[in-house]
Structure formats: C-alpha cells, structure tokens
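The structure appears right after this line, and notes come after that.
The values are calculated or read from the model by the stated rules, or taken from the named source; none is laboratory data. Quick caveat, the model's predicted, so the values are computed rather than measured. Quick reminder, even Gly has a Cβ in these numbers, built from the backbone with ideal geometry, and neighbours come from all protein chains shown. SASA here: full protein model, heavy atoms, side chains in, ligands and nucleic acids out. Shrake-Rupley method; radii C 1.70, N 1.55, O 1.52, S 1.80 Å.
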Amino acid sequence: MIRLTLNFAGRSIGNFNFDQDVISIGREPACDVQIDNIGVSRRHATIEAEDGSYYLKDLQSHNGVFVKGQKVQTHRLGKVDEFFIGKYSIEFESLTVTAPEPVPEVADVLKKDGHQDMTFRLDKSEIDRLIGASAVASTPKLSQVAPEGECWTVQLEGNYFLFGKHPRSTVKVEGLFAPMFGAVLIRSDKRFHLLNLSKRMGLKVNGEKIFEKQLEDGDVLEFGKRKFRYSLR
C-alpha cells in the first residue's frame, strides 16, 4: 500500500491511499489522481509496482516529470519520495513494512575514496558518538528552496547524508572545483550535526560560515547558490 499527498503552493490539497499495482496521474477524470490543470497532460504519468519496488514513469507528457530538479522518464521511488508535475508536488510514501537495509559507515566511505580536501578527519569512534544509540527518531526534512525551479524535499531517514560530487551523495554538487566531499549530516540522538568537510564548500548556516553545528528547526543551509531549509516537521 502507498500514500500520495498532492500539494500546491506548499499546501496539501489531497491525500490518496492505494493498494494496486498501477496508479495513473493526469488531467483525465478517469485517472486515479486527477490534476485539473492545463499544464498537466491527460495521462501524464504512472506509478507501477515491480518486484517489490515502485517506479514513477512519464507517459511522454508535454511538460515532463521532475525529481530533485531533474527531468526523469523512469524513477525508482524511495520509501519516502517527492516528484513534481507542473506546479504541483506529489509526496510518495510506501506503507509496506520492510526489513531495514544495512547502513554503510560514513567514515569507511570517506576513507575508501582517499579524499584529501577535508578540513579534518573522521574516525569510526567519533561517528559512533555522533550517531548515538537513538538512531530511530522523528524524521526531519531537508528542503531545497533555491535556486527557483530546483526545489525538492528529502526525508532524513538514515544516519548520515553526504554533500558533494561523490556518487553516494544525497545532494550532488556539480562544477569543476566542487569537492568530492563537501559536508556531511550525521544523526545524533533526535537531531542532526552538520560538519564541513571542505574549505572550498563555502558552507553557511543562517548566513554564517560554520565548521560544525547541531541543526535546529528552520535553519537555512547554504552551499554556494543552493539553499536548503532543515525542519523537524
């Protein structure tokens, strides 16, 4: 079973629960999720269950489907995910209980790649201290709010999240001089610590450069021209 939440201008305008293999989205009244807007194609997209996962598929729509600011044809949806159709955002949530996947050690990832552009080194004991015993807490969110047109939201369900050019990064930072590892969010009890890993990242929180900070509800993170809002709700 899955839940879809349709949002417009930051406001929820519809909630839908489905227990079927194919969910249609579009302007047509026959669609499972109808969006009555001229910018939405009659049959715009589908969500299809395949081998225990859900896939978002664009049906050759006129204006496309976007995930994290990128136009997609097919996208494997995470347990909690978000995509955009026109000016509407749709939050996806899988209500199926699955066994948790093993969490890789962030220290191992950093060490394996041998990246030299870090302002400090993290060892496993320090990571364990920051993560702590209370890894299962409420789920905060990180929402990109700038630049305009690249807005998206990620649920911070894991223990750490990387920022940079590394393939495992949650937030990809592009550019010739962008660091492989720019920053990392690490869960500590019920909150997240933000650690700056690179002198080149230009990392700021609420307009001030930081090295390490425990994030509070509503904090605004800046990575160059990108801005994100951290929230606990």
Pairwise FRET efficiency - L176 versus E28, Cβ, R0 = 35 Å, nearest 0.05: 0.20
So, for segment 153-233, what is the accessible surface per residue at a probe of 1.4 Å, expressed in square angstrom? 49 Å²
For the peptides 31-42, 205-216, what is the packing order when you average, over each peptide's residues, the other Cβ atoms within 10 Å and list the highest mean first? 31-42, 205-216
Express as a percent, rounded to the nearest 5, the fraction of DSSP beta bridges in segment 6-59 (both residues included) that run antiparallel. 85 percent
Could you tell me what percent of the accessible area of segment 26-89 is made up of carbon and sulfur, with a 1.4 Å probe and every protein chain present? 43 percent
Given pairs K79/K225; K87/K213; K165/K204 and cut-off 27 Å on Cα-Cα distance, the over-length ones are K79/K225; K87/K213
Please work out the FRET efficiency for the pair N206 and R3, using the Cβ-Cβ distance as r and a Förster radius of 41 Å; give the result to the nearest 0.05. 0.80
Suppose the chain between K71 and K199 were pulled fully straight at 0.36 nm per residue; how much longer would it get relative to their current alpha carbon spacing? 42.9 nm
FRET efficiency for E48 and E157, Cβ-Cβ distance as r, R0 = 25 Å, nearest 0.05? 0.60
Under a plain spin-label model, where a point goes 7 Å from the Cα along Cα-to-Cβ, how far apart in nm are H62 and I38? 0.9 nm
Note the full-extension length gain between Q214 and R233 as 0.36 nm times their separation in residues minus their Cα-Cα distance, in nm to one decimal. 5.2 nm
